[in-house]
Each structure stands twice: as C-alpha cells, then as structure tokens.
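Inspection log for the structure reproduced underneath, given as structure tokens.
The values are calculated or read from the model by the stated rules, or taken from the named source; none is laboratory data. Note that the structure is predicted; figures quoted are calculated from it, not measured. Quick reminder, even Gly has a Cβ in these numbers, built from the backbone with ideal geometry, and neighbours come from all protein chains shown. Side chains are part of the model used for accessible areas, which takes the heavy atoms of the whole protein and leaves out ligands, DNA and RNA. Shrake-Rupley method; radii C 1.70, N 1.55, O 1.52, S 1.80 Å.
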Amino acid sequence: MQNIDSFLISGFPWIVGVFLIIYLFANTIKIVPEYRRLVVFRLGRLIGTKGPGLVFVIPFIDRVITTDLRTITLDVPVQEVITKDNVPIKVNAIVYLRVMNPEKAVTQVENYIIASGFMAQTTLRSVIGSVELDEVLSSREKINEELQKIIDDRTDAWGIKVSAVEVKELELPEGMKRAMARQAEAERERRAKIIAAEGELQAAQKLSEAARQMETSDITLQLRYLQTVREIAGERNTTTFFPIPMDIFSPFIEKLKNKEK
C-alpha cells in the first residue's frame, strides 16, 4: 500500500505534465475549414486573419474569433408599413449576405447578423413607405434592387456584402383586396366592350366592301342569293323562302303611278 501511494505521489507531476501538454497542443494547432477564417487578437491587438488549413496560435496570449464566409440567409420579419398613398400593408423580405472582410465584421460591429437584420427592417419600411401601392405590386424587381443597393452601401463599412434582397410576401387589407377585385372586374368589362366595338367596326367595314363588290358584279349578288337560300333550307325545314327582287315590280309600280296622274 505504501508502494502505491509513493508511486502516485512521485508520478503525479508527470500526469499533470502530460495533460498540460495535450491541452496546450490542442489549443495551439487549429484546423480551419475553407469556408471559415480566424480573426486573431494577440494581447488585445488585432494581428490579422488566418486560415484555411493548419493555424498555430499561442495559448493564453492569442484570442481567436471564428468567422463564417458562407452566404447567410436573413429572414426579415413582417413589417407594417403605410405606403405613399396611405394604404397600410404588411411586408417581409429575405436578405442574402456574406462576410467579405472578417476583420471589419469583428471589429466594426458587435454582431453583424443582428445589425444587418435591423438595418434591413428599417430600410424595408423606408423604401416601401416612399412608393405607392401600385408600384409595390407592379415594380417589385425595381424595389428589390433599391433595397439591395441601400443595405449594401450601409453595411459596407462592416465588411458585409449584400448580394440580393427579395420581397417575399405582401399582405393587403381585406377592403383593399375587394376594391382591387372590383377594379380588375371593371377593367375586364372595359376591355370586353372595346373588343366588341372593334369587332363591330371591322364587320361594318367588311360589309361595306362586300356591298361595293356586289354592286359592281351581278353574278356576285346571284351567288350570295343562292347561298342565303341554302342556309335557310335546312334538313328538317319544309319551308323555303325565295326572295324576289324589287325590279320585277317596277313596271307595275310605274303603271299605277301613271294612272293616278
């Protein structure tokens, strides 16, 4: 028993030394993936960005902050906005951003994801509130480009690149939806009336051309007469109409007029 105690007492420094070496080794060598970077501070001072691959740091002296370089999808929560024409709507968006300068993303802002999210919310309310509802509905690509440009300019000092902004959903009040439905219905009725009027105009023009052609050609009028008779006489129709030209009665009418005189 005394031998075991003496062995533990004499071997304890070696055990502590082995664990200390393992701990220092684990904190000295770091493996950084391709999509990450380590921002290293030595005694509180920024010395640069390291990675990818094997990175050596000094334990207890160097402090490292890991930064992800992959594109981050930031969901902007629903914002209640009043448009330029005083229509209250609810709108949300998606922001795609990535870190281009890890040193700025760590030193210039406390949390670049939260800061970018608040920046996107305020910009979304500002841009949507400066346009009318019709422009929001019809020019969404233009609004997306404007949002992307504004947010990207404001986050450039943080080393952040905003690649795209997409307005995801747009919720309108029920009264506005009914008004837009009535407007769309009236627009369709207007187009239907215009199309019908254009059809009548084209039909009248064609009839005028046909009348002029029949006036110059007697055979055309005769063919039209036979075609009309054929259309009237159906398979189950026992009655046939024969139109009689008024020229046949012209002599009788002239004779009656002469007698009256």
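The residues packed around V78, meaning those with a beta-carbon under 14 Å from its beta-carbon, carry a net charge of -1 if Lys and Arg are +1 and Asp and Glu are -1.
Quick check on my link table: of K84/K104; K84/K149; K84/K177; K30/K104; K84/K142; K104/K168, which ones sit more than 28 Å apart, alpha carbon to alpha carbon? Please list the in-between numbers first.
Numbers: K84/K104 37 Å; K84/K149 21 Å; K84/K177 18 Å; K30/K104 22 Å; K84/K142 16 Å; K104/K168 30 Å.
Pairs exceeding 28 Å: K84/K104; K104/K168.
Per-residue extension of 0.36 nm, minus the Cα-Cα distance of F41 and Q183, leaves a gain of 44.8 nm for this segment. Remark: spin-label model distance F56-T216 equals 10.3 nm, labels positioned 7 Å along the Cα→Cβ axis.
Centroid-to-centroid, using Cα positions, the stretch 136-203 and the stretch 70-118 are 22 Å apart.
Length available on full extension from T71 to A204: 0.36 nm per residue minus the Cα-Cα distance, which gives 41.5 nm. Take the stretch 128-204 with all the other protein chains still there, run a 1.4 Å probe, and you get 68 Å² of accessible area per residue.
Full extension of the chain between E132 and K161 yields a length gain of 7.6 nm, computed as 0.36 nm times the residue separation minus the alpha carbon distance.
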